[in-house]
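A short worksheet on the structure shown next.
The values are calculated or read from the model by the stated rules, or taken from the named source; none is laboratory data. Just so you know, these numbers come straight off a predicted model, no measurement behind them. Methodologically, a virtual Cβ is constructed for each residue, glycine included, from the backbone with ideal geometry; neighbour enumeration extends over all protein chains shown.
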Amino acid sequence: MKHPKILVTGATGRTGLAVVDELLAKGVPVRAVVHSKDARSAALERKGAETVVADMFDPDQLLAAMRGTQRAYYLPFYHPYMIQSAVSFAIAAQEAKLEAVVSLGQWLASPIHPSLSTRQAWLVDQAFSRISGVAHVRVNPGYFADNYLRLIEYAAHLGVFPTITGDSKDAPPSNEDIARVVVAVLLNPEKHVGKVYRPTGPALLSGNDMAEILSRVLGREVRRIDLPWWLFLKAARTGNVGAFLVSNLRYYVQDHKQGAFALSAPTNDVLEVTGRPAEDFETTARRYAAWPEAQRNFVNWLRTFVDFMRTPLSLGYNPERLDRELRFPMPPAPRLAMANERWRVEHGAQFIAGMEKYQNTDSFKFIPYPAKIEERTRQMSSDT
């Protein structure tokens, strides 16, 4: 059976790379969108992916990248003008006559959330669901397991697990499970058109629960500690976390502490879409524990200790100043997720099961590949 060629944006990122790997493992041809030809794009090519350089804000370059592909994975990114990229992508997708687009959404998406990125994510969902003739499916995870496990070096070498979300609970999905859901939908979009999926881990966990799991994984006692926000701002800047991401993250931390990520979790979406149960946090953590930086030796311990000690002396971000300088718009009455009655109702226990995102289903007809190729061939013949 011939597979359609699939375009993957954000192909060197957390979920994008996992999507590329999953597609290639299934023998599906992949065209990966990259910022430039460099070591990361070369690594993708060695795996078997075709790479193309495209500006995610340029509809002409995006259209050129889409030519010859049939379906696409769109990964929004943290940028003040992300909405321009999404609209450019939607225009190109319609002109290229893609069959389907799977986009990565946000669990918190709302038109009145104080986070600019989250309001833009809501707008992207609305825009993509209205691309005429292109099936849209949203994969809508919450707080990734990766967000916690990026700090595994502190657990491995210092026995501490810093969290900025207190001890509130979450059912964090792995990048790999998110990618498996994305790929399952891309390979069979007619089954999923108009739906929204929320992949999660199999259990709600607190920060203390995660620390206990890391103790087993690392073979040493690991204790959760609360990382003060002022100290996180310094650590984020020294760790090259983007200023705009931090500007939005300050709201997500409050949402987390108020229980927004625990609402309606865990789900069975990973099992229902992929046929495989979601992997547990311990399985995910063992992959991170295998990182070279997490191996317990004197050099790694010294590097981690020095980093830990110098962070309080470093300069930190000032998200409020960034918002003022860039004049970010704000809703008249912004609401965090749990203070937003509409959001709570929509994201309750019955949320997203079979949700239709098309206002007029009669206007949409899904034509799968390669039937669409045959139809285009007939159209070309008639045109000539």
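Considering segment 282-307 alone, what residues qualify as being in contact with a Leu (Cβ under 8 Å, 6 or more places away or on another chain), of a type in the set (Phe, Trp, Tyr) and within 28 Å of residue 173 (Cα to Cα)?
288 - this is the single residue of segment 282-307 that is in contact with a Leu (Cβ under 8 Å, 6 or more places away or on another chain), of a type in the set (Phe, Trp, Tyr) and within 28 Å of residue 173 (Cα to Cα).
Six or more apart or on different chains, Cβ atoms under 9 Å: show the pairs whose first residue is in segment 259-280 and in a helix (DSSP H, G or I) and whose second is buried (at least 20 other Cβ atoms within 10 Å of the Cβ) and acidic (Asp, Glu).
270/177; 274/177
Mind listing just one residue for me: the one in segment 314-339 that is more than 25 Å from the chain's Cα centre (by Cα) and touching a residue at least 60 places away in the same chain (Cβ under 8 Å) and, of those, farthest from residue 216 (Cα to Cα)? Before the answer, list the steps.
Going through segment 314-339, the residues more than 25 Å from the chain's Cα centre (by Cα) turn out to be 314-316, 321, 324-325, 327, 332-333.
Now restrict to residues that are touching a residue at least 60 places away in the same chain (Cβ under 8 Å): 314-316, 333.
On the way: 314: 33, 315: 35, 316: 33, 333: 45 Å.
Among them, the one singled out is 333.
Looking at (1) within 25 Å of residue 211 (Cβ to Cβ); (2) in contact with a helix residue (DSSP H, G or I) (Cβ under 7 Å, 6 or more places away or on another chain); (3) not charged (D, E, K, R), which one does residue 336 not meet, given that it meets all the others?
So the condition that residue 336 fails would be (1).
From the residues in segment 326-348 that are of a type in the set (A, V, I, L, M, F, W, C) and under 21 Å from residue 243 (Cα atoms), which one is surrounded by the most Cβ atoms within 10 Å (Cβ to Cβ)? First the steps, then the outcome.
First pass over segment 326-348, keeping only residues of a type in the set (A, V, I, L, M, F, W, C): 326, 328, 330, 333, 336-339, 343, 345.
The next check asks that each one be under 21 Å from residue 243 (Cα atoms); those that pass are 326, 328, 330, 336.
Working: 326: 14, 328: 17, 330: 13, 336: 21.
Taking the candidates together, the pick is 336.
Please enumerate the residues belonging to segment 53-71 that are farther than 10 Å from residue 89 by Cα and either surrounded by fewer than 19 Cβ atoms within 10 Å (Cβ to Cβ) or not polar (S, T, N, Q) (or both).
So in segment 53-71, the residues farther than 10 Å from residue 89 by Cα come out as 53-55, 64-65, 67-71.
Across segment 53-71, the qualifying residues are 53, 54, 55, 64, 65, 67, 68, 71.
Return the residues of segment 173-191 that are modelled with pLDDT under 95 and buried (at least 23 other Cβ atoms within 10 Å of the Cβ); say none if nothing qualifies.
Passing the criteria: only 189.
Quick check: is even one residue across segment 154-172 touching a Gly at 6+ places or on another chain (Cβ under 7 Å), assigned to a strand (DSSP E or B), surrounded by fewer than 24 Cβ atoms within 10 Å (Cβ to Cβ) and in contact (Cβ under 8 Å) with a residue 40 or more places away in the chain?
The answer is yes; a qualifying residue exists.
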